[in-house]
Amino acid sequence: MKAQRVFIKLLILGFFLTGIAVKAEEAKTIRVLQFNVWGIFSSKDKSFRMSEIPKAIQALDPEIIALEEAFDRKSRKQIVEGLKAAGYPIAGWHYWHKPYGSGVMLISKYPIESLAFEKYRVQCPPTNMEHYAGKGMAHAVLKTPYGPLDFYLTHVLSRTPAIFDAQGEFIPGDPFQVDRILQMYQIDQYVHQTHNSMGRSFIAAGDWNVSPEMLEFHVLLKLTGFENSFDLLHPGDNPSTFSKNDSWVTDDFSRIDHIFFKNFPGDQGFWVKPIESRVVFQEKVKDPKGKEVNLSDHYGLLTVFEVVDQAEPSPDRTPAPEAIKQAYEKKDRKSKEVIPAAEALTGQMNK
């Protein structure tokens, strides 16, 4: 009888320990949120929206949060303090201060080991306000339970004209297309030079302001070898992250927010595999006047990465055409050779 009781206790203990092991295995994920919070000086209902954003973020429980257009101090304070009040365990956060401010902000459950930032070399003419926005590519090394992680975040120069006509057909080109192509080149150079050369992976999130319809999107993928977490899980789907269904938006600009990643045959850190990716924050909330509004003019994007023991290496980088390299070095945003070179590089026509 005594032996039977001992056996039953051991059996229960075995189930308990198995459950712990399963939960530990399930916990080997990294949830990444990308969200442009629309914190420019002229945005509407800003204070209310910034007070609601932390609750929405906490509900998703991401480990890493990449935010753009978090320009003013009050908005950043509302977001950080709101997250803390909601019980989100912030281990580190940083805002990259530049002239007017970069707008780029990182919040993480993981400690931040190092930080860097490189401003975009080519950034539209001085007659355009966005020239002074301090946009660039930010880099952080995060101390995760699985090893160090290179994490990048950015806000690329926006496209000003509408991306679709009244019939929903894509409109190719715009006055800043060469600028964005040169920014894609700078992103490739910066990431290549700064990520851990012995590392196994990195993740890059942001408001890239390039959609799958745009030549610049394909230039980025070709130059960098980035893999798009959403596209891998939803081939052929293209939900907008800047949609006319949003209460603040009049022209649809397609899916311009992305979370990319890349795996290498390294021996440090860990490999990642996207297992979930979806557009979030499409729901409206009631403001103090009873009006239903969205949290931003952008929707968010959430990707869940599994930490895996094996992974196929991501595509190799492709050398940039000389026309793109020379235009970048000369800051020649009016070069007539860049777009044909980008078409030849990608096999995509600018139409």
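The values are calculated or read from the model by the stated rules, or taken from the named source; none is laboratory data. Bear in mind the structure is a predicted one, so any value in this text is a computation, not a measurement. Because the Cβ atoms are built from the backbone with ideal geometry, glycine has one as well, and the counts that use them run over all protein chains shown.
Checked against (1) of a type in the set (D, E, K, R); (2) assigned to a loop (DSSP other than H, G, I, E, B); (3) within 20 Å of the chain's Cα centre (by Cα), residue 333 meets all criteria but (3). Would you check if there is a residue in the range 171-183 being under 26 Å from residue 335 (Cβ atoms) and touching a strand residue (DSSP E or B) at 6+ places or on another chain (Cβ under 6 Å)? Checked against the condition, which is being under 26 Å from residue 335 (Cβ atoms) and touching a strand residue (DSSP E or B) at 6+ places or on another chain (Cβ under 6 Å), the range 171-183 yields no hits at all. Within the range 75-103, being modelled with pLDDT of 95 or more and of a type in the set (Lys, Arg) holds for 76, 77, 84. Find the residue count for the range 286-306, including only residues that are outside any loop (DSSP other than H, G, I, E, B) and acidic (Asp, Glu). Counting residues in the range 286-306 that are outside any loop (DSSP other than H, G, I, E, B) and acidic (Asp, Glu) gives 2. List the number of the failed condition for residue 124; all other conditions in (1) surrounded by 15 or more Cβ atoms within 10 Å (Cβ to Cβ); (2) touching a residue at least 24 places away in the same chain (Cβ under 8 Å); (3) in contact with a His (Cβ under 9 Å, 6 or more places away or on another chain); (4) in a strand (DSSP E or B) hold. Only one criterion is unmet by residue 124, namely (4).
Taken over the range 302-351, the criterion of being of a type in the set (Val, Ile, Thr) and in contact with a helix residue (DSSP H, G or I) (Cβ under 8 Å, 6 or more places away or on another chain) is satisfied by 303, 318, 324, 338, 339, 346.
Which members of the range 42-86 meet the condition of being polar (S, T, N, Q), under 25 Å from residue 136 (Cβ atoms) and either touching a helix residue (DSSP H, G or I) at 6+ places or on another chain (Cβ under 6 Å) or assigned to a helix (DSSP H, G or I) (or both)? Hits for the range 42-86 are 75, 78. For residue 101, the test of being under 18 Å from the mean Cα position of the chain (by Cα), under 20 Å from residue 39 (Cα atoms) and not polar (S, T, N, Q) is failed. Of the listed requirements (1) within 18 Å of the chain's Cα centre (by Cα); (2) at pLDDT 95 or above, residue 148 misses just one: (1).
For the range 227-260, give me each residue that is buried (at least 23 other Cβ atoms within 10 Å of the Cβ) and over 15 Å from residue 36 (Cα atoms). Within the range 227-260, 229, 230, 260 qualify.
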